[in-house]
Every structure is written in structure tokens, then in C-alpha cells.
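One structure is given here, and the rest of the page talks about it.
The values are calculated or read from the model by the stated rules, or taken from the named source; none is laboratory data. Quantities reported herein were computed from a predicted structural model and do not represent experimental measurements. Ideal geometry is used to build each Cβ from the backbone, glycine not excepted, and the neighbour counts take in all protein chains shown.
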Amino acid sequence: MRAIADAGAYVYLSPYVLLYCAVAAPGPYRVDNLNVHMRAAATNNMFTSAFRGFGGMQACAAYEQQMDEIAKRIGMDRLELRRRNLLETGEPISTGFVPPSAIWTDRCLEQAWAALGEPTPSHGSLRIGRGVAVYQQSYGRLTFLHDSSEAWVGVEVDGTVVVRSGVTDIGAGQASALGQIVAEVLGVSLDNVVIYNSDSAVTPLAGTTTATRGLYMTGNAAKKAAEAVRARLVARAAQALDAGIAEVELAFDKAFLVDAPERSISFVDLVKLCASEGIHRSELAMFRAPFTDFLDPETGQGQAHPDYTFGAHAVEVSVDVETGEVRVLKSVGAHDVGQCVNRAAVEGQIEGGAQNGQGYALSEEMLYREGRLVTPSFSEYLTPTSMDMPRVQCIILESRSGIGPFGAKGVGEPALTAVAPAIANAVADAIGVRVFEMPITPERVVRALRGR
């Protein structure tokens, strides 16, 4: 793989984006002989920086279109070609690192493709095509960077559970997920949990909401803090119920014996009992991500990220061969999220990733003329609206093998990664020729059909 990135006039984050891209270069495939070369070029354009996917989506756009082209050249079904080459759980990725979690790419591929259902028939000048793409995407920051996150959990005398974290909620439910995690650990209803986030005056440091690290890092910190509080509560409940610690469970806003649930004490009464005896009911916890040396500078081998997410996206499109217009008719995302902490939030990420990827594939483009951006607003830089989007079907798989809380994996950035190449493959399937540039605009479709 050879890649040249337009870094713009300043270096900024281009080396890191290219490092992520290099690690993701072969995708979720078994590649015995691999050479990856990345270069960032200084230009007179605006400096470039992070975007959802951070290098992973650019790599996926290349390797997944390549897989379809290879299948076409050798006369093999495109799904079968992928099946034969996909990594399996326990196998090393391109850097020699063995992900600690399950690799369920094959399951995601099968379910995404099956969910498309019966093909829409072609008619008139409209040609129907289908495409699929799979991916490998990291979650958590690079492991040679010292990454940590803190969270504080405390229980007030009236039984109210307070969670404090500096995590920034950018609309994906980062704060509410912490509340759900703590509520699960302490066995209380979510209505009984109060969350303070982002305000540095009252919250501990949680780090940035980037790199699909929010749930993984701060979720683990909140779970760790809640478990410390739980241990003290359970110990006092066992004493009150005249039982062993292992016999006590916290759930349904009370402490009770697993084998004799009628013997119980309410959560509020338990907390008051602890307060009256001076038992500490709060904990500040820090979660530290794995720390490793930098990848071997000669071979590129080593651990670059804590773990990886795997999944697939499948689409059906119509292409008007007279006008070049492309419309996405069906869109299905299938992702192994490890453990789904908040289903609505996960579906929101998958739906948002589908919209984001559709724009990347069909309409969004940064155009420069002599170093000046000529698409500076949403009047020129065209993102898909609700009128352009089909209903997005979300398939959530749970291997419960991730290194996030309760076995969760990240899905924020991965939800985007496979969408654009799936659309590009569907367009090629519809018209019989490939458009080698993105976005796949009507003009480029018409030029491809005319062989130019």
C-alpha cells in the first residue's frame, strides 16, 4: 500500500492519521506479505486534521474496493473472497498484535448482506446495484501514549448516587452511559443517579472525547469507582443480613440474599446504616490504558492500540445512467459492539455513521483553487439531509469480549468506516464500471460510463 496525504501548510496531526491508516491498511484480512508506505506532503492548502475514523476509513475505502475488483477479475463471489481471507479470533493483525477480543467480521458480513432482502428491480434508466464492505477499526488511543481517565462515584445519605467525570458529552450519550454503568454496579434505578460532567471545577480529568475512547476509558473508570463503593456496601449488608459477602446481591434498589431474596434491606436504609457508622461511601478511581513501546521502526510490528472493533455495512443503490444520479435505497450496518450499554445511543452512532459515510461517498468534497477553499459552507460542501437518507437498519452483535466496561467495544468512529466503500462497490455493481474518485458525483458517473 502506498499513500500520500495532503497535510496542508502545517504538520499538525497528519503523522498520527497516517499511522492509524498504516495499521489499518490491510483491513480485517490475513495478509502474509505486506508493505505499507505512508507519506504526508506539505502543500499550500489549509492544514488537515482529525476526522471521524482518523485514517481507518481512508484505508477501508481502498482495500474494500480492491477486494471487489479482485473478485471480479478472478470470477469469484465477492462475499466468498472475503470469507476465505478474513481474520479469525486469536489471529494476529498486520502489526503482529493479537486483539484480546473476538473477531466477528464474518458474522457481521453475513447478517448485513442478508438484511438487504430481495433486490429492487431495475427499470427505465435506473440500474440497481449492491455493495458491501467490512472493516477493522481501533478504539482507544495509541498505546505508546500514556492515556488515563478518572471518575468519582459517591452515595449521599438519602441514597442518591452521584457520578462526577470530566468526560465531554458531544451528543452520543457519554454522560448517560456512565450513569447506566454505575447504576448497574450498585443495583439502583437510573432515576436515582445524578451525573456531573465536563465542569472542571467539580469533576476529575477524563481526557478527550476522541479516538472512540469515551466509553472504554471513562466507562472503565466509573465502573472501577462504583465497584469499590459496592464492595463496602455489600460488606455492611452481609453483616446486617447475617450472611457471607458472596451471598449478597445489590439490585432493584435493595441488598438481598441470592438464595433467599425475601431477606433484604433497602438501598436507602443500607446507606443510612453506613453513614451512621462512618463507612466511606465514595471513591475516586483512575483507569489506565495499556502502555507499550512504539512500533518497531524497521518492521512496524508491535501493539499500536488497545483493541479493535470489526463489522460490516451493506447498501443497495440506484444509478440513473442518463443523469449519473446515485440514490441509496437500503443501508444496513452490522457491528460487534462487545456489550451494548445503551441501545439507543449505539443505534444513533450507526445511523449517524451511515449518514456521514454517505456524504463522504456521494457529495462531500473539499475543493481548493490556488490554495483557497472554494467549498467553505454547507451551501457548497453538501452533506446528506433527511431527504437523501434511506432508513438505516442497525444490527447490533454482542460478543461481550471487548476491554471496555462489561466487555464493551467502541462504535463511534467504526460506524462510519465501511459505508463509503460499500456505496462505491454498489455503484460499480450497478453500472459495470468503477468510479475511482470520491465523492461519486453525477458528473463522474457519466464520465465513467463514457469511458473517460
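For the stretch 262-319, what are the residues that are charged (D, E, K, R) and out of contact with any Ser or Thr (no Cβ under 8 Å at 6 or more places or on another chain)?
If the condition is that a residue be charged (D, E, K, R) and out of contact with any Ser or Thr (no Cβ under 8 Å at 6 or more places or on another chain), then 262, 263, 269, 272, 277, 281, 283, 293, 296, 298 are the ones that fit.
Restricting to the stretch 28-60, give me the number of residues that are touching a residue at least 40 places away in the same chain (Cβ under 8 Å) and of a type in the set (Gly, Ala, Ser).
Within the stretch 28-60, residues that are touching a residue at least 40 places away in the same chain (Cβ under 8 Å) and of a type in the set (Gly, Ala, Ser) number 4.
So which residues in the stretch 41-56 are surrounded by fewer than 20 Cβ atoms within 10 Å (Cβ to Cβ), under 19 Å from residue 211 (Cβ atoms) and among the hydrophobic types (A, V, I, L, M, F, W, C)?
Passing the criteria: 50, 51.
I'd like to know if the stretch 259-267 contains one or more residues that are crowded, with 17+ Cβ neighbours inside 10 Å, part of a loop (DSSP other than H, G, I, E, B), among the basic types (Lys, Arg) and touching a strand residue (DSSP E or B) at 6+ places or on another chain (Cβ under 8 Å).
The answer is no; no qualifying residue exists.
Would you check which residues across the stretch 428-452 are of a type in the set (A, V, I, L, M, F, W, C) and out of contact with any Lys or Arg (no Cβ under 8 Å at 6 or more places or on another chain) and list them?
433, 436, 438, 440, 445, 446, 449
Identify, from the list 434, 400, the residue that is within 22 Å of the chain's Cα centre (by Cα) and part of a loop (DSSP other than H, G, I, E, B).
None of the other options fit; the residue is 400.
Restricting the stretch 201-229 to residues that are hydroxyl-bearing (Ser, Thr, Tyr) and part of a helix (DSSP H, G or I), which is nearest to the chain's Cα centre (by Cα)?
216
Conditions (1) exposed (fewer than 15 other Cβ atoms within 10 Å of the Cβ); (2) closer than 30 Å to residue 415 by Cβ; (3) in contact with a strand residue (DSSP E or B) (Cβ under 9 Å, 6 or more places away or on another chain); (4) among the hydrophobic types (A, V, I, L, M, F, W, C), marked per residue:
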| site | (1), (2), (3), (4) |
| --- | --- |
| 179 | no, yes, yes, no |
| 187 | no, no, yes, no |
| 193 | no, yes, yes, yes |
| 235 | yes, no, yes, yes |
| 273 | no, no, yes, yes |
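Table: residues versus (1) out of contact with any Leu (no Cβ under 7 Å at 6 or more places or on another chain); (2) farther than 23 Å from residue 310 by Cβ; (3) modelled with pLDDT under 95.
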position: 8; (1), (2), (3): yes, yes, yes
position: 32; (1), (2), (3): yes, no, yes
position: 44; (1), (2), (3): yes, yes, yes
position: 49; (1), (2), (3): no, yes, yes
position: 53; (1), (2), (3): no, no, yes
position: 77; (1), (2), (3): yes, no, no
position: 84; (1), (2), (3): yes, no, no
position: 99; (1), (2), (3): yes, no, no
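If I filter the stretch 403-431 down to residues being small (Gly, Ala, Ser) and in a loop (DSSP other than H, G, I, E, B), which single residue comes out as farthest from residue 66 (Cα to Cα)?
404
For the condition touching a strand residue (DSSP E or B) at 6+ places or on another chain (Cβ under 7 Å) and outside any loop (DSSP other than H, G, I, E, B), what is the one hit in 111, 65?
111
Among the residues of the stretch 288-300, is there at least one that is loosely packed, with under 14 Cβ neighbours inside 10 Å and of a type in the set (Ser, Thr, Tyr)?
Yes: one or more hits.
Take the conditions over 30 Å from residue 29 (Cα atoms) and either surrounded by 23 or more Cβ atoms within 10 Å (Cβ to Cβ) or within 25 Å of the chain's Cα centre (by Cα) (or both) and apply them to residue 154. Does it pass?
For residue 154, the condition - over 30 Å from residue 29 (Cα atoms) and either surrounded by 23 or more Cβ atoms within 10 Å (Cβ to Cβ) or within 25 Å of the chain's Cα centre (by Cα) (or both) - is not met.
Of the numbered conditions (1) outside any strand (DSSP E or B); (2) out of contact with any His (no Cβ under 8 Å at 6 or more places or on another chain), residue 250 fails exactly one; give the number of that condition.
With respect to (1) outside any strand (DSSP E or B); (2) out of contact with any His (no Cβ under 8 Å at 6 or more places or on another chain), residue 250 is out only on (1).
Restricting to the stretch 402-452, name every residue that is under 28 Å from residue 99 (Cα atoms) and hydroxyl-bearing (Ser, Thr, Tyr).
Across the stretch 402-452, the qualifying residue is only 417.
Going by what's in this entry, would residue 299 be described as of a type in the set (S, T, N, Q), within 26 Å of residue 411 (Cα to Cα) and part of a loop (DSSP other than H, G, I, E, B)?
No, not satisfied.
Checking the condition touching a strand residue (DSSP E or B) at 6+ places or on another chain (Cβ under 8 Å), assigned by TED's automatic domain parsing to the domain that holds residue 335 and surrounded by fewer than 18 Cβ atoms within 10 Å (Cβ to Cβ), which residue from 131, 124, 117 passes?
Among 131, 124, 117, only 117 is touching a strand residue (DSSP E or B) at 6+ places or on another chain (Cβ under 8 Å), assigned by TED's automatic domain parsing to the domain that holds residue 335 and surrounded by fewer than 18 Cβ atoms within 10 Å (Cβ to Cβ).
Take the stretch 157-193 and flag every residue that is over 19 Å from residue 224 (Cβ atoms) and over 24 Å from the mean Cα position of the chain (by Cα).
Residues satisfying the conditions are 157, 158, 159, 160, 189, 190, 191, 192.
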